[in-house]
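Here's the structure, in structure tokens; my notes come after.
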Amino acid sequence: MKILVLNGPNLNLLGTREPDKYGSDTLNSIEKFLYREAKNLNVEIAFEQSNIEGELVTKIQQAKGVYDGIIINPAAYTHTSIAIRDAILAVELPVVEIHISNIHKREEFRHISMTAPVCIGQITGFGKNSYKLGLIALYDYLIQYNV
Ligand code: DQA
């Protein structure tokens, strides 16, 4: 089983970026943490980040035929990106949306997700464990539907 983990804008700054909201782990340490979890499940993961909306769209498009599913933290694009939503629809791969912070506890503009309605589900507010929970959710889904 192969899973793509996609990270959107400003997540490369984790560690120093608003640690009260996002914790003190860097994206690199979250990547290592997730690799260990994936190894336990015997899942192969690729972990990527981009600050550019079009690059995220291209990575989603290119996932078709290569990966069995996608875990995505679209970051601020969650709330704005019809292009990422359309790319998820287009590739017809199961996608789990995750967030480090609980977007529903924050400013009103973060309560809306353009992408969640085209995902299997959304996991939000568990810090770096949102990545782990997203991985388990997608893994179980893929096993259940025999993908
Ligand atoms: C985020 C939440 C978004 O609202 C925000 O723009 C981010 C990070 C999260 O993981 O909590 O950049 O996706």
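Any read-out appearing in this document is the output of simple, stated calculations on the displayed coordinates, not a laboratory observation. This is a predicted model, so every value here is computed, not measured. Heads up, the Cβs are rebuilt from the backbone with ideal geometry, glycines too, and the neighbour counts pull from every protein chain shown.
Here the simple spin-label model places points 7 Å from the Cα toward Cβ, and for Gln62 and Ser24 these points are separated by 3.6 nm.
Placing a label point 7 Å from the Cα of Lys105 along the Cα-to-Cβ direction, the residues of segment 16-54 whose backbone N falls under 13 Å of that point are 20-23.
Remark on Met114: its backbone amide H falls under 5 Å from those of His79, Thr80, Ser81, a criterion applied only to residues 5 or more positions apart or on other chains, H modelled at 1.01 Å from N. With K and R counted +1 and D and E -1, the other residues having a Cβ less than 10 Å from that of Ala116 yield a net charge of 0.
Charged neighbours of Arg36, selected by a Cβ distance under 13 Å, balance to +2 (K, R count +1; D, E count -1).
Is the shape of segment 1-120 rounded, prolate or oblate, going by the alpha carbon gyration tensor and its root eigenvalues a ≥ b ≥ c, with a/c under 1.5 for rounded and a/b larger than b/c for prolate? Cα axes put segment 1-120 in the oblate bin. Each helix, a run of at least 4 DSSP H residues, gives -39500 (n - 2.57); summed and divided by the residues of the chain, these come to -11500 deg cm²/dmol at 222 nm. The calculated FRET efficiency for Ala90 paired with Glu48, based on their beta-carbon distance and R0 = 25 Å, is about 0.85.
With neighbours defined as other Cβ atoms within 10 Å of a residue's Cβ, the residues Lys32, Lys132 order from fewest to most as Lys32, Lys132.
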